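Notes follow once the structure below has been shown.
The values are calculated or read from the model by the stated rules, or taken from the named source; none is laboratory data. All of these numbers come straight from a predicted model, not from anything done at the bench. Positions of Cβ are backbone-derived with ideal geometry, glycine not excepted, and every protein chain shown enters the neighbour counts. Protein only, heavy atoms only, side chains kept; ligands, DNA and RNA dropped before computing areas. Shrake-Rupley method; radii C 1.70, N 1.55, O 1.52, S 1.80 Å.
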Amino acid sequence: MVAELVDFARQLREHVEREGLRSPRGRALADQLRATSPFDVPEFADDDRPQLAPHRAIADLERAAGPDARFVWDIGEHMLFALHYLTARRPDAFTLHLGFGSMASGIAGAIGQAIGDPSRRVVCICGDGGMQMAGMELLVAARERLPIVYAVFNEARYNMVHHGTQQLYGRAVGWETPWIDFEAWARSFGVAGAGIFIAAILPSSHAEVAKKNLRAAPGVHQLQAVEAQASIST
């Protein structure tokens, strides 16, 4: 909001004098909100369609990580699903760097949180674009043997930019990237024995594969059951 402070204060006072501090419909509106699901897909955690959707992947990650995990979300299309579907119950359970909104900030931020409190697992949800920008930070995580799970929404496209330009201009071109096998990439770092889990999220028709890998022991696993092409409008 951009306004002269004096003008804003005067208009705010006039509004309060005219409408009052409390809306007469406030209680009815609150009851109406409580009567409906806060989620776009009400039963997202139990969505059992053959092709596992991003909201179900987030629910499975949260269930597998446990109540004490810290989630760090990077910037990208996956961030929108996190804002809609992550149900973190603790004030320190979800971090999103929206100051500058820089891609790949969550990849390094997860390392900082794990160093600050190594007793709690850190789950970093990021995209293939962010991993291409700052994925070499994985070397630090491996060297320090940090309890981090990196789950990579691997779409071979800058999906947030793709959908954003599509909505603004009616077309989007040139945002695809080569597909990268992040599991093989991580193995080249020697990560498998460092307690770090990387999941490259790809289209598939086998949701059970995703559930199995999300619950697997620390190491390098490739998740094969998530289609993350859908877009959420905020």
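Sorting 62-70, 104-112, 32-40 by average packing, meaning the other beta carbons within 10 Å per residue, from highest down gives 104-112, 62-70, 32-40. With an a/c value of 1.5 or above and a/b not larger than b/c for the gyration tensor axes a ≥ b ≥ c computed over the alpha-carbon atoms, region 69-183 is described as oblate.
Using a ≥ b ≥ c from the Cα gyration tensor of region 1-45 (square roots of the eigenvalues), is it rounded, prolate or oblate, where a/c under 1.5 gives rounded and otherwise the larger of a/b and b/c decides, a/b for prolate? Oblate is the answer for region 1-45, as a/c is 1.5 or above yet b/c matches or exceeds a/b. With R₀ fixed at 25 Å, the C-beta to C-beta distance from Ala30 to Leu83 puts the FRET efficiency at about 0.70. Here region 123-172 has 53 percent of its accessible surface on carbon and sulfur atoms, given a 1.4 Å probe and all protein chains in place.
Hey, can you rank 119-129, 14-24 by average C-beta count inside 10 Å, highest first?
Numbers: 119-129: 23.3, 14-24: 9.1.
Highest mean packing first, the order is 119-129, 14-24.
Using a probe of 1.4 angstrom and keeping all protein chains present, the accessible surface of region 120-198 works out to 46 square angstrom per residue. Distance between the C-alpha centres of region 28-102 and region 107-128: 17 Å, rounded to the whole angstrom. The order of the peptides 154-164, 84-94 by mean Cβ neighbours within 10 Å, most packed first, is 154-164, 84-94.
How much accessible area per residue does region 1-56 have, counting only protein heavy atoms and a probe of 1.4 Å, in square angstrom? Don't skip to the end; give the middle numbers.
On the way: 5040 Å² over 56 residues.
Computed with neighbouring chains in place, this is 90 Å² per residue.
Name the shape class, rounded, prolate or oblate, that the alpha-carbon gyration tensor gives for region 1-118, where a ≥ b ≥ c are the square roots of its eigenvalues, rounded holds for a/c under 1.5, and otherwise prolate holds if a/b is larger than b/c and oblate otherwise. Oblate shape, in that a/c is at least 1.5 and b/c is the bigger or equal ratio.
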